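The values are calculated or read from the model by the stated rules, or taken from the named source; none is laboratory data. Model, not experiment: these values are computed from the prediction. Reconstructed Cβ throughout: ideal geometry from the backbone, glycine too, with neighbour counts over all protein chains shown. Side chains are part of the model used for accessible areas, which takes the heavy atoms of the whole protein and leaves out ligands, DNA and RNA. Shrake-Rupley method; radii C 1.70, N 1.55, O 1.52, S 1.80 Å.
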Amino acid sequence: MNQVERRIDIRDRWPGQFLAAANPETEVLDAPIADTETVTEQDTPWNVIVFNDPVNLMPYVTMVLQKVFGYSEAKATQMMLDVHQKGKCVVWSGEREKAEFYVQQLQGYQLQATMKKA
Amino acid sequence: MHITKSEDGTQLMIGGLGETELEMLRGVRDAADPTACPEAERRLFPAPIADADEHDFDTIADWKEFVVPDLRTRFDDALDQLESDVADARQVRKLPMKRFVVKLRVEHVELWYSALNQARLVLQEKYKLPSENTSLSLEDLFAKGQWRAYFQSRFYAEVQCWLLEAGMPDGWR
């Protein structure tokens, strides 16, 4: 990612948001038993991956991750740094349909994003 | 060159623009055109699935049919908005050098950012510009015919920094 943005400190301007926690009280009763093949296909989680590129500014990547996933600024910043330093980062894992939605969102912000079976 | 926000917070003004800078802003659409550069096309519209197998063909086909056109429209809208705002540039000084000001509404900041980003992504792929981390040689830039694209991309990056600093709309917080 491009280094130009280092002059800008937006930390005070973009307060973090937090994902709503899943309800631990939720109870699943008598879930139907599917055949093995179906379970494998449906339950395989998908990773949404963002790749490093020399164009996107670092604060922008952080802001996009906050906007798309509702991550806190600290979490989004850490992911952005992982992208920058390690070349890529898994920014989300879960159902395939949601993964597709998130990849579309990220590509709409011109991040180099793709999805892959975990 | 400078960027200021109107007192009521509804507009940004990019002032002190010389003819060269204004020309570069007018050139954003051309710079962002990935035609004849498959790498740029692939960068703007990447494949949705890494290591796709035969089970993913339908998803990829659907993506090309529905998602890519949607992204293309979204990207074009951003270019349209920037172009429209730049077309309304006002000359504020003639001597000793012409100076211009471009105004944009705060709601357009995200579209401007997107348009400039598209241009930088395409310039990067077309000209394989050196990254910030590599040592920069002007001689190399000239020899490889990269100098214009390089300075254009640097200028767009500067404007993007200002836009981030000036603030994205509320939806970004």
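B:PHE45 sits among other residues whose Cβ lies under 9 Å from its own Cβ, and their net charge, with Lys and Arg +1 and Asp and Glu -1, is +3.
Ordering B:THR73, A:THR44 by accessible surface, largest first, gives B:THR73, A:THR44; the 1.4 Å probe counts only protein heavy atoms, with every chain in place. Of the GluC sites (Glu not before Pro) found in the stretch A:53-99, the ones in coil according to DSSP and having at most 15 other Cβ atoms within 10 Å of their Cβ are A:GLU95.
In deg cm²/dmol, rounded to 500, what helix-only [θ] at 222 nm does chain B give when every DSSP H run of at least 4 residues adds -39500 (n - 2.57) and the total is split over its residues? Please list the in-between numbers first.
Numbers: 8 runs with 90 residues, N = 173.
Result for chain B: -16000 deg cm²/dmol, rounded to the nearest 500.
Separation of the stretch B:1-31 from the stretch A:99-118 is 31 Å, based on Cα centroids. Anything over 29 Å Cα to Cα? Flag those among A:LYS98/B:LYS5; A:LYS67/B:LYS64; A:LYS117/B:LYS128; B:LYS5/B:LYS126, in the order listed. Pairs exceeding 29 Å: A:LYS98/B:LYS5; A:LYS117/B:LYS128; B:LYS5/B:LYS126.
Taken along the Cα-to-beta-carbon direction at a fixed 7 Å, the label points for A:THR44 and A:ALA118 span 1.4 nm.
Across the stretch B:2-172, C-alpha contacts under 8 Å between residues 6 or more apart give a mean separation that, scaled by the residue count, equals a relative contact order of 31 percent. Loop-located GluC sites (Glu not before Pro) in the stretch B:1-65 (DSSP state not H, G, I, E or B) with no more than 10 neighbouring Cβ atoms inside 10 Å: B:GLU7. Please state the relative contact order of the stretch A:44-117 as a whole percent: Cα pairs under 8 Å, 6+ residues apart? For the stretch A:44-117, the relative contact order is 53 percent. Once the Cα-Cα distance is subtracted from the 0.36 nm per residue extended length, the B:GLU19 to B:GLU139 segment shows a gain of 40.7 nm. Exposure check, 1.4 Å probe, all protein chains in place: B:HIS2 carries approximately 100 Å² of accessible surface.
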